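Here's the structure we're looking at; comments come further down.
Just so it is clear, none of the values below were taken in a lab; they were calculated from the coordinates. From a predicted model like this one, the values you see are computed outputs, not experimental measurements. Cβ placement follows ideal geometry from the backbone for every residue including glycine, while neighbour counts extend to all protein chains displayed.
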Amino acid sequence: MRWMLAGLLFALAVALAIGTVAIRAGNAALRHDVERTYRDIQDRMGELERLGLERAETATPEYLAAAMWAQLRAEQQRRLERLQ
Amino acid sequence: MKAGERIRVRAAFGLLGAVPAFLAGWLGYLQVAQAGQLEREGRAPLRLVAETADQQAWRTEAVPCPRGTIVDRNGSVLAVDCQTYDVRAVLAVPAREGRSVQSMRAWIGDVATDFARAMVADPDLADRAESFQQHREAFRRLFGDAFRTDDLPADGPVPDGHPRVADVRIAGEIDVLSVVEALREIGARRSSVSMHFLRTFRRVHPDRDATYGLVGHVATDWTVVPGTNERRLATRGVCGLETWAALAPAEPESRPFLKDGRGQPYFVGPLHAQPVANVLHSTIDLELQREAVRQLTTQAEAGAREGSVTVPKWGALVLVEMATGDLLAAASWHRDARHPANAAFTPTQSLYEPGSIVKPLVFAYALEAGRLDWSHEFDCAPGSADYRERIGSLGSRVVRDDHHCSVLTPHGILVNSSNIGASYVGLQLEREQWHDYMQFYGFGAPLGLRLPNESRGGPNAQSFDPSIPLRSFRRNSAISFSFGYEMQVTAMQMARAYLRLFRGAGADLRVCRGLEIGGEWHAAPPAGGPGPKFRPDVVELVREAMVDVVSADPHATGFHMHGRMLKETGIDLHGVVAGKTGTAASRIGIPGRGKVEVRNASFVGVFPAEAPRWLAVCVLQKDDSARFYGGSYAAPPAVRLLLQCENLERRRQRHKEPQHDANGQVRVVQGSPGDSGWGR
């Protein structure tokens with residue numbers, strides 16, 4: 001009986017050690033995921049800045065006026081072609 | 001259990017039990033016998049504490065802070081740092097591919113293709129195929145140099161000692177998400193490639209063409225960190241508002257992370273403090289700045305494309321809010337500039353002789369000083385008794401008018417812009433009063449805007465030389481000062497002088513409304529301070545004369561501009577815009593050309609004429625003999641800009657667009673780059 005208990009305690013110790021390592025490994029894996037997510041967020045913040053600037057550039061009166069004229073010219077061309 | 005079995009089991013369990021006993025003993029030896037530290041050769045002892053164990057795997061990455069953001073008075077971004085990546089890769093040739101030259105070359109080619117494919121992952125890229133070819137060739141050359149492929153034999157095994165690991169810079173200023181993800185994917189897919197993304201910033205100036213001189217630009221150079229020999233790349237402002245110290249980036253922040261057995265980083269925590277850029281709230285109104293640039297450029301280049309008109313050498317257009325002295329817009333134009341970044345910022349750096357534009361300033365000063373009777377009539381005809389008595393008696397000095405003038409009151413002298421009449425008034429002032437006149441209006445004094453390389457100008461060096469006899473001063477300097485000669489100013493100085501005419505000697509220009517430092521708002525103090533002011537009736541009389549300058553009176557110098565605007569816009573400017581024209585001919589030295597005759601056309605206008613709120617100064621300088629007058633050439637862009645001020649204000653009120661509040665603080669337009677999140 002004593003040896004049985006000693007064996008069980010040893011098995012418990014091994015199980016605890018394996019469990020601890022598994023939890024730590026799981027923890028590290030989760031931290032890897034968090035790291036990836038963190039970097040993804042950082043990347044997207046940079047992308048947001050870039051897109052925000054691009055959109056701001058395309059909303060200036062000069063750009064909008066140029067875009068409108070281009071659209072009008074295209075429409076005029078289309079109508080002329082339709083008439084011919 | 002037999003005795004032998006029992007012994008074996010005991011021995012096995014005894015051995016197993018010895019393991020923790022050994023570990024406990026070792027721990028005791030390290031923690032007690034070694035007294036908490038390990039001696040290391042050539043290095044400091046290693047302290048045996050928990051942090052030491054953590055530090056074996058802990059790393060920190062330095063995250064640089066961005067330069068400050070510059071916004072206009074309504075929160076629109078003028079300059080901002082955008083996050084980018086500087087990408088490096090450590091390439092290690094896998095053992096299998098490193099056996100033969102052929103397989104190593106093939107591997108390098110594959111990796112180059114992978115990187116080239118990643119670099120063209122931007123979905124908005126126009127010429128993808130061509131760009132891909134260029135990138136692939138560039139990477140092949142780069143990796144070939146790094147692995148010294150030229151030194152390899154044509155075939156056979158890779159020689160011993162030949163480099164199999166290389167650290168290469170893949171690209172800088174990577175800010176497109178799809179490219180970043182594609183590059184990261186290479187590192188995840190290929191165990192032989194270790195990617196490093198270093199955070200950097202790219203300075204972005206929206207509306208770049210409109211803000212070159214005023215907002216300025218930056219340069220990135222290697223600099224030595226003070227107190228150390230460490231050299232690092234630093235971005236600094238070269239001109240304009242970018243040179244302000246408040247925009248310098250703060251010290252880098254650090255972020256801890258851990259590295260696993262494969263060298264892969266994993267998360268410990270975010271940045272200790274998210275880097276927050278300072279925000280400089282300028283007084284510039286971006287829409288008016290665009291309009292100023294457009295008006296000045298249009299006027300300067302008008303007719304030049306057809307070859308019928310010569311273009312000026314340079315031009316400047318300045319717009320100021322009169323109640324605060326806030327600089328709303330300042331446009332600069334150059335004929336010979338190869339690039340706007342290399343050109344002088346004319347509103348503060350280009351000097352010119354102002355000409356008749358100073359006459360209201362002289363008359364206001366003389367009236368305040370009690371040296372001028374506004375109801376007095378002067379005979380401004382050349383050769384008249386008045387002329388002989390006041391000017392002819394001084395000697396050989398001859399003063400002429402552009403058109404014949406007869407008997408005029410001071411009001412009439414200003415409307416007709418009579419040089420003879422102005423000389424009569426100027427000769428009433430003493431030398432000390434002329435000196436005080438220069439100080440009152442700030443001619444020759446810096447603007448205090450902290451814009452670099454400002455020109456001061458002022459009267460000629462010998463004008464106030466005490467050794468010059470009074471009679472000589474009166475004959476030369478006093479007469480010349482009366483109609484804006486023998487002195488040099490910048491357009492911005494002229495704007496400040498008129499601001500002082502209306503608001504007193506304490507009025508100054510301002511270009512900064514406040515700063516957000518670490519998210520905390522610091523309002524800039526009002527520009528200027530206390531100082532003497534002209535009596536309201538003095539300002540009123542001069543203003544009334546300026547109103548009549550822009551009228552249908554054929555003798556008024558603003559007559560041509562009045563007619564032109566009436567025809568163009570249907571607006572009768574008389575009583576709407578008040579102003580003064582100026583035309584001056586000077587000889588200046590130009591490198592490589594010697595002394596050259598130049599003509600300066602200038603105009604100062606205030607709007608609305610009855611209760612001025614905005615003030616504009618326009619100057620254009622030509623270096624040829626073309627006909628060129630302030631009223632017809634410099635006035636139209638200034639007047640159009642003044643009218644635009646009101647149009648813009650009405651539109652903003654109608655659409656309830658964001659505008660600055662009383663203390664000058666505005667929110668950086670939400671969602672825009674540089675949004676500090678203030679006020680949310």
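Tabulated data for the structure shown
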read-out	value
Coordinate range along principal axes, alpha carbons of segment B:422-490, Å, largest first	39, 25, 17
Cα-based Rg of segment B:344-549 normalised by 2.2 N^0.38 Å, two decimals	1.11
Shielding by partners - mean other protein chain Cβ count within 10 Å, residues of A:35-44	5
Residues with amide H under 5 Å from that of B:T69, placed H, sequence gap 5 or more	B:N278, B:V279, B:L280
Square roots of five times the Cα gyration tensor eigenvalues for chain A, Å	73, 16, 5
Derived scalar couplings ³J(HN,Hα) [segment A:54-61; Karplus, 6.51 cos²θ - 1.76 cosθ + 1.60; whole Hz; x for Gly, Pro]	4, 5, 4, 5, 7, 10, 6, x
5 angstrom amide H check on B:V218, placed H, neighbours 5+ away	B:V238
Lys, Arg +1 and Asp, Glu -1 on Cβ, resulting dipole of the protein assembly as shown about Cα centre, debye, nearest 20	1940
Simple spin-label estimate for B:R593 and A:Q71 in nanometres, 7 Å along Cα-Cβ	4.5
Enclosed volume per residue, in Å³, of the convex hull spanned by Cα atoms of chain B	286
Counted charge near B:F267, where neighbours are those whose Cβ lies closer than 9 Å (Asp, Glu -1; Lys, Arg +1)	0
Percent of beta bridges antiparallel (DSSP, the protein assembly as shown, rounded to nearest 5)	95
Packing rank of B:553-565, B:573-585, B:392-404, where each peptide gets the mean count of other beta carbons within 10 Å, highest leading	B:573-585, B:553-565, B:392-404
Protection proxy ranking, peptides B:251-264, B:319-332, average beta carbon neighbours within 10 Å, highest first	B:319-332, B:251-264
Net charge of Cβ neighbours under 13 Å - reference B:A385; Lys, Arg +1; Asp, Glu -1	-2
Karplus 3J(HN,Hα) series, Hz, for segment B:468-482 with 6.51 cos²θ - 1.76 cosθ + 1.60 (x for Gly, Pro)	7, x, 4, 4, 5, 4, 5, 5, 9, 5, 4, 5, 5, 4, 4
Cysteines without a disulfide-compatible partner [the protein assembly as shown; Cβ-Cβ under 4.7 Å]	B:C65, B:C82, B:C239, B:C512, B:C618, B:C645
Neighbour net charge for B:A585 - beta-carbon separation under 15 angstrom, K R +1, D E -1	0
Amide H partners (placed H, <5 Å) of B:F378, local residues excluded	B:L408, B:T409
Translational D in µm²/s for segment B:1-99 (Stokes-Einstein at 4 °C, 1.567 mPa s, Kirkwood Rh from C-alpha pairs)	60
Check: segment B:84-203 dipole with +1 on Lys, Arg Cβ and -1 on Asp, Glu Cβ, in debye	300
Potential extension, B:H339-B:L566 segment - 0.36 nm per residue separation minus Cα distance	78.1 nm
Viscosity 0.890 mPa s, temperature 25 °C, Stokes-Einstein D of segment B:3-55 from Kirkwood C-alpha radius, µm²/s	180
Burial ranking of peptide ranges B:219-229, B:194-204, B:356-366, B:444-454 (average Cβ count within 10 Å, highest at the top)	B:356-366, B:194-204, B:444-454, B:219-229
Whole-percent pair-distance distribution, where bins are 5 Å wide, for the alpha carbons of segment B:84-203	2, 11, 21, 23, 18, 12, 7, 4, 1, 0
Karplus-derived 3J(HN,Hα), 6.51/-1.76/1.60, for each residue of segment B:528-540, Hz, glycine and proline x	x, x, x, x, x, 10, 6, 4, x, 5, 5, 4, 5
Assigned charges on the beta-carbon of Lys, Arg, Asp, Glu; segment B:3-55 dipole about Cα centre (debye)	280
Label-point separation in nm, B:E230 to B:V398, each point 7 Å along Cα→Cβ	7.3
Hydrodynamic radius by Kirkwood, which averages 1/r over all alpha carbon pairs of the protein assembly as shown, in angstrom	32.2
